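One structure is given here, and the rest of the page talks about it.
Just so it is clear, none of the values below were taken in a lab; they were calculated from the coordinates. What you see is a predicted model, and the numbers here were worked out from it, not measured in a lab. Glycine also receives a Cβ, built like all others from the backbone with ideal geometry; neighbour counts cover every protein chain displayed.
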Amino acid sequence: MTETLELSIESKLEFVDLVSSVVKSVAAKMGFAEDDANWIELAVHEAVINAITHGNKHASDKSVEVKFVIESEALSIFVRDRGAGFDLEQLPDPTDADNLLKPSGRGIFYMRAFMDEVGRSTHPEGGSVVRLTKRKRPHQ
Amino acid sequence: MAQLNITTREVGEVTILDLSGKVTIGEGSVQLREAVRQLLDNGKKKILLNLGDVSYVDSSGIGELVSSYSTTNKNGGQLKLLNLTKKIQDLLAITKLLTVFEIHESEDAALTSFK
């Protein structure tokens, strides 16, 4: 059975903690281990921050929508902004020697490290959608 | 309440910043940047960041640690890390930053390393 939950926030950083609370709560309810739940929360935090800062450029009239798709074996989170999007494959690798000391550029790298799948698509009604999926481990 | 609290201590020539709370995008990162900047402006160039009570760090917070390190180096100083939580250690390891920072688990050892 699939359950869904949707949140919509204004492009304000102070609302990110609210989304984080929901992520932790959903992950715990699904039975993810605490460590996994913390990393899922961080991945979503990074995606929502990117949506607010890069996608919506902090515009107060542009919202960020976060949709949770809860399945028995996996949690997927879709984060939609109203920006033009970006190419996941064209992002510089923050672990390259040339980029190691750069102050930014690690958010999506962390998302990929902590989630099983990270994808990006263009929403049919405009904007960009980042999809984060974490599968439960066999014993969970 | 501030997201990040920073307390400053001086032991000999070393300034220890005890951080507690969140080092994340916005307020927390800015506070850390300003605290390090202020030390450098005052000629305090041996800086030890105690991260033992930091409950949460995101990619911006990690970026701020990197910036603080680079700024201190450029000003002829040294910035080292003390008491990494498991989470911060993992975040630094994944992005190959464990090799960039000098990291200590004991304050005494960290202080000695500046001499």
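Checked against a 31 Å cut-off, the cross-linked pairs A:29/A:57; A:136/B:87; A:134/B:74; A:12/B:45 give Cα-Cα distances beyond that limit for A:29/A:57; A:134/B:74; A:12/B:45. Look at the stretch B:50-62: the mean tally of other chain Cβ atoms within 10 Å of its residues' Cβ atoms is 3.
Orientation-averaged projection of chain A equals 9.0 nm² [convex hull of Cα atoms, one quarter of hull surface area].
Each part gets one Cα centre, and for the range B:1-73 versus the range A:1-58 those centres are 26 Å apart. Charged side chains reduced to their Cβ positions (Lys and Arg at +1, Asp and Glu at -1) give the range B:4-113 a dipole of some 280 debye around its Cα centre.
A crude spin-label estimate for the pair residue B:87 and residue A:12, with each label 7 Å from Cα along the Cβ direction, gives 2.4 nm.
Summed over all non-identical Cα pairs, the Kirkwood treatment of the protein assembly as shown gives a radius of 19.3 Å. Applying D = kT/(6 pi eta Rh) to chain B, where Rh is the Kirkwood radius over alpha-carbon pairs, T corresponds to 4 °C and eta to 1.567 mPa s, the Stokes-Einstein value obtained is 93 µm²/s.
Charge tally for residue A:28 (other residues, Cβ to Cβ under 11 Å; Lys, Arg +1; Asp, Glu -1): -1. Residue by residue, the range A:68-82 carries 3J(HN,Hα) couplings of 9, 10, 9, 10, 4, 10, 7, 10, 10, 10, 10, 10, 10, 10, 10 Hz when phi is fed to the Karplus relation 6.51 cos²θ - 1.76 cosθ + 1.60 (θ = phi - 60°); x denotes Gly or Pro. Note on chain A: GNM, Cα springs under 10 Å; of A:41, A:117, A:14, the largest mean-square fluctuation is that of A:14.
Volume per residue of the convex hull around the Cα atoms, evaluated for the range A:50-91, comes out as 77 Å³. Can you pull the percent of Cα pairs in the range A:1-74 with separation above 18 Å? Everything past 18 Å amounts to 39 percent. Selection among B:7, B:104, B:91 by position relative to the dipole of the range B:4-113 gives B:91 as farthest towards the positive end (Cβ unit charges, Cα centre).
Can you check what the net charge comes to around residue B:35, using other residues whose Cβ is under 12 Å from the Cβ of residue B:35 (Lys, Arg +1; Asp, Glu -1)?
With Lys, Arg at +1 and Asp, Glu at -1, the neighbours total -1.
Per-residue packing, averaged as other Cβ atoms within 10 Å, sorts the ranges A:90-98, B:105-113, A:66-74 into the order A:66-74, B:105-113, A:90-98, beginning with the highest. Simple rule: put +1 on each Lys or Arg Cβ and -1 on each Asp or Glu Cβ in the range A:3-135, find the dipole, and look at A:55, A:121, A:32; the Cα lying farthest toward the positive end is A:55. Here's how it looks for residue A:116: its modeled amide H is under 5 Å from those of A:133, A:134, A:135, which are all 5 or more places away or on a different chain.
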